[in-house]
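The values are calculated or read from the model by the stated rules, or taken from the named source; none is laboratory data. None of these values were measured; they are calculated from a predicted model. In this analysis, Cβ positions are derived from the backbone assuming ideal geometry, glycine residues included, and neighbour counts consider all displayed protein chains.
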Amino acid sequence: MNVRQQLVLTSLLVLSTGFFLRDLKVTGQTSRNQNRQTASPGAKDKEIKKLFKQNCAKCHGENGAGETTAGEIAGVPDFTDQRWQELYDYQRLTNSIKHGRGEMPSFGKKFSKEQIKSFVSYVRAFKN
Ligand code: HEC
């Protein structure tokens with residue numbers, strides 16, 4: 001084997017190791033995501049309830065009525081009001097959480113698509 005052949009072989013080896021490692025990383029991530037999605041519905045409800053409490057309740061209140069100081073200053077809607085619930089569709093609420101609206105910050109960078117979906121369902125569940 002001459003030097004040229006050795007060089008080609010070595011670079012092939014380095015390349016394939018790189019691909020192997022990359023595949024490993026991708027596979028690892030997919031299975032983690034799958035775990036998150038297949039968690040039992042009860043666990044998911046609990047998780048979103050906790051996330052709402054940590055990220056949204058400051059303005060919207062834990063009961064969704066928005067009777068908080070920050071909420072009143074910012075002008076939040078009352079999620080328990082049936083008439084308010086009928087005003088907007090799923091897409092609009094999703095967009096508002098993702099990109100923000102008025103005084104509400106955007107959450108599209110902080111939360112996954114799945115989590116934003118769960119927030120919309122959670123907000124919907126406040127209606128009487
Ligand atoms: C800093 C206060 C604040 C925080 C924190 C906040 N919101 Fe809001 N939110 C608002 C305000 C103010 C509005 C009304 C916006 C408007 O219509 O001008 C609003 C509106 C909404 C709406 C109705 C949007 C529409 O399309 O009319 C939804 C749904 C919502 N918030 C969900 C959430 C969720 C979920 C979180 C947490 C991830 C959250 N908010 C965190 C202040 C906040």
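It is to be established whether one or more residues within the stretch 64-76 are modelled with pLDDT under 90 and either out of contact with any Leu (no Cβ under 8 Å at 6 or more places or on another chain) or at positive phi (or both).
Going residue by residue through the stretch 64-76, those that are modelled with pLDDT under 90 are none.
Looking for residues that are modelled with pLDDT under 90 and either out of contact with any Leu (no Cβ under 8 Å at 6 or more places or on another chain) or at positive phi (or both), one finds none in the stretch 64-76, hence no.
Report, by residue number, each residue of the stretch 66-82 that is without any contact (Cβ under 8 Å) to a residue 40 or more places away in the chain, hydrophobic (A, V, I, L, M, F, W, C) and part of a loop (DSSP other than H, G, I, E, B). If you could, list the steps in order and put the result at the bottom.
First pass over the stretch 66-82, keeping only residues without any contact (Cβ under 8 Å) to a residue 40 or more places away in the chain: 66-78.
Filter once more, keeping what is hydrophobic (A, V, I, L, M, F, W, C): 70, 73-74, 76.
Selection gives Val76 alone.
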- Task: Filter the stretch 55-80 down to residues that are of a type in the set (Val, Ile, Thr) and under 22 Å from Phe111 (Cα atoms), then give me how many there are.
- Result: 1
- Would you say Phe79 is under 12 Å from the mean Cα position of the chain (by Cα), within 9 Å of the ligand (Cβ to nearest atom) and surrounded by 12 or more Cβ atoms within 10 Å (Cβ to Cβ)? no
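Quick one: which of Gln115, Gln91, Gln85 is assigned to a helix (DSSP H, G or I), in contact (Cβ under 8 Å) with a residue 40 or more places away in the chain and more than 9 Å from the ligand (Cβ to nearest atom)?
Numbers: Gln115 fails: more than 9 Å from the ligand (Cβ to nearest atom); Gln91 fails: in contact (Cβ under 8 Å) with a residue 40 or more places away in the chain.
It is Gln85.
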- Item | Within the stretch 47-64, considering residues that are assigned to a loop (DSSP other than H, G, I, E, B) and surrounded by fewer than 18 Cβ atoms within 10 Å (Cβ to Cβ), the one nearest to the ligand (Cβ to nearest atom) | Glu62
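Which residues, counting only those in the stretch 94-108, are more than 8 Å from the ligand (Cβ to nearest atom), of a type outside the set (Ser, Thr, Tyr) and surrounded by 13 or more Cβ atoms within 10 Å (Cβ to Cβ)?
Those that are more than 8 Å from the ligand (Cβ to nearest atom), of a type outside the set (Ser, Thr, Tyr) and surrounded by 13 or more Cβ atoms within 10 Å (Cβ to Cβ): Lys98, Gly100, Gly108.
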- Please enumerate the residues belonging to the stretch 96-112 that are part of a loop (DSSP other than H, G, I, E, B) and under 10 Å from the mean Cα position of the chain (by Cα). Phe107, Gly108, Lys109, Lys110, Phe111, Ser112
